[in-house]
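Presented below is the structure to which this report refers.
Every number here is computed from the coordinates shown, using simple stated rules; none is lab data. Here the structure is a predicted model, which means the values were calculated and not measured. We place every Cβ from the backbone using ideal geometry, glycine too, and count neighbours over all the protein chains shown.
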Amino acid sequence: MHGIPSDRELEDGDIVSIDCGVYKNGFHGDSAYTYEVGEVGEETKNLLRVTEEALYKGIEQATVGNKLGDISYTIQSYVEDNGYSIVREYQGHGIGNDLHEDPQVPNFGQKNSGLILTEGLVIAIEPMVNMGSHEVYVEDDGWTVCTKDNKPSAHFEHTVVIREGKAEILSGEGIDTK
């Protein structure tokens, strides 16, 4: 799910998430995409599809006057309605002069709760979705995160700015990733 590069070669059927940040003119950006390696099974393809769709459903809630919990609830509901689970230990975040700022943007929560979203707030929304249990653990290197049940996990992320009516996506929109 999250780790340090190693000598292990990617194999047909693997998935790999790439999470990249950018720093320019005093501001940060953050984006992630999960890629298929070779031929991936239908169950894994569905995990990726649901995770990416959950991201966009969360972005739809990122508008002036909504609450942070509306994003969180929408992502969680969509993911769980499709039979998957949300990683709870890691979440989205505010972003700007620093890569990780307040507010925290969980991928699970209660509708109509939390911070009221205001014009110009910039956040990174990043659902991390597991095929099995939501439980994860950190390996001894202090960095590598794995699912406890060793099932696949997918991650998609965009940096967005809160706007009236529709969030503005600042990262990766329109890039051909296939």
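Numerical summary
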| read-out | value |
| --- | --- |
| Likely footprinting exposure, Thr147, Thr34, fewest C-beta neighbours within 10 Å first | Thr147, Thr34 |
| The chain - charge dipole about Cα centre, Lys and Arg +1 at Cβ, Asp and Glu -1, debye rounded to 20 | 700 |
| Span from the segment 25-50 Cα centroid across to the segment 79-118 one, whole angstrom | 18 |
| Net lengthening on full extension, Tyr23/Asp7 (0.36 nm per residue, minus Cα-Cα) | 2.9 nm |
| Cα-derived Rg over Rh, computed across the chain with Rh taken as Kirkwood radius | 0.96 |
| Helix 68-81 axis, angle to the chain major axis (alpha carbon atoms, nearest 10°) | 30 |
| Environment charge at Pro103 (Cβ cut-off 14 Å; Lys +1, Arg +1, Asp -1, Glu -1) | -4 |
| Sequence-separation-based contact order of the chain, relative, with Cα cut under 8 Å and 6+ spacing, percent | 27 |
| Summed residue charge, Cβ within 12 Å of Lys45's Cβ, Lys/Arg positive, Asp/Glu negative | -4 |
| Selected from Leu47, Leu121, Leu68 as most flexible by GNM, with the chain as the system and alpha-carbon contacts under 10 Å | Leu121 |
| Extension gain from Asp102 to Asp81, taking 0.36 nm per residue of separation minus the Cα-Cα distance | 4.7 nm |
| Mean separation of Cα contacts under 8 Å, 6 or more apart, over the residue count of segment 4-76: relative contact order % | 23 |
| Neighbourhood net charge (10 Å Cβ-Cβ; Lys/Arg +1, Asp/Glu -1) for Asp14 | -3 |
